[in-house]
Amino acid sequence: MEHALGRVHFDRPLDESLTDVREEYGLVSLAIDDESALHLLRLPALHRDPFDRILVAQALVHGLAILTPDRAIRAYPARAIW
């Protein structure tokens with residue numbers, strides 16, 4: 001979605017080379033698991049975007065950082081980088 005919005009750029013179309021781009025940039029897929037979905041229910045409503053809120057829940061559950069300048073996301077206890 002970030003690519004579609006023009007916020008992230010890759011050298012070639014993702015629909016032709018998603019696997020190669022993932023390997024090149026060290027990206028991995030992270031499914032929305034039950035624990036993250038349940039954690040989402042316990043998050044305070046500091047951010048209105050449900051997509052961003054699930055990212056916060058996943059970061060907290062899996063001990064990951066979120067790369068974002070979004071101040072609303074940074075209000076959560078998840079580690080944010082930017």
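Only the coordinates and a few stated rules stand behind these numbers; no lab work does. Please read all numbers here as calculations on a predicted model, not as lab measurements. Glycine gets a Cβ as well: all are built from the backbone with ideal geometry, and neighbour counts include every protein chain shown.
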(message) Rounding to the nearest 10 and keeping the result within 0 to 90°, find how far the Cα-based axis of helix 14-25 lies from the longest principal axis of the chain.
(response) 70 degrees
(message) Nearest 500 deg cm²/dmol is fine: what mean residue ellipticity at 222 nm does the chain get from its DSSP H runs of n ≥ 4 alone, each adding -39,500 (n - 2.57), divided by its residue count?
(response) -13500 deg cm²/dmol
(message) Quick check: convex hull over the Cα atoms of the chain, volume per residue in Å³, rounded to an integer?
(response) 109 Å³
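Which whole-number percentage describes the relative contact order of the range 31-81, with Cα contacts under 8 Å and a sequence gap of 6 or more?
It comes to 33 percent, rounded to a whole number.
Taking neighbour Cβ counts within 10 Å as the exposure measure, how do Val8, Val61, Val28, Val56 sort from fewest upward?
Details: Val8 12, Val61 18, Val28 6, Val56 27.
Ranking Val8, Val61, Val28, Val56 by Cβ neighbours within 10 Å, fewest first, gives Val28, Val8, Val61, Val56.
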(message) Per residue of the range 32-48, what does 6.51 cos²θ - 1.76 cosθ + 1.60 with θ = phi - 60° give for ³J(HN,Hα)? Whole Hz please, x for Gly and Pro, Karplus curve as stated.
(response) 7, 8, 4, 4, 5, 4, 5, 5, 4, 5, 8, 6, x, 7, 7, 10, 8
(message) Is there a quick way to get the dipole size of the chain? I mean about its Cα centre, with the Cβ of Lys and Arg at +1 and of Asp and Glu at -1; what is the value in debye to the nearest 20?
(response) 580 debye
(message) For a quick check, take a GNM of the chain with Cα springs below 10 Å and name the residue from Pro44, Pro69, Pro13 with the largest mean-square fluctuation.
(response) Pro13
(message) Run the simple label-point estimate for Arg71 and Leu46 please: 7 Å along Cα→C-beta, distance reported in nm.
(response) 1.3 nm
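First select every other residue whose beta carbon is under 11 angstrom from the beta carbon of Leu46; then total the charges, Lys and Arg +1, Asp and Glu -1.
Result for the local shell: +1.
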(request) Sort Ile32, Ile66, Ile81, Ile54 so that the residue with the fewest other Cβ atoms within 10 Å of its own Cβ comes first and the one with the most comes last. (result) Ile81, Ile32, Ile54, Ile66
(request) Tell me which residues come under 5 Å, amide H to amide H, from Ile66 once H is placed; ignore anything under 5 positions away on its chain. (result) Arg79, Ala80, Ile81
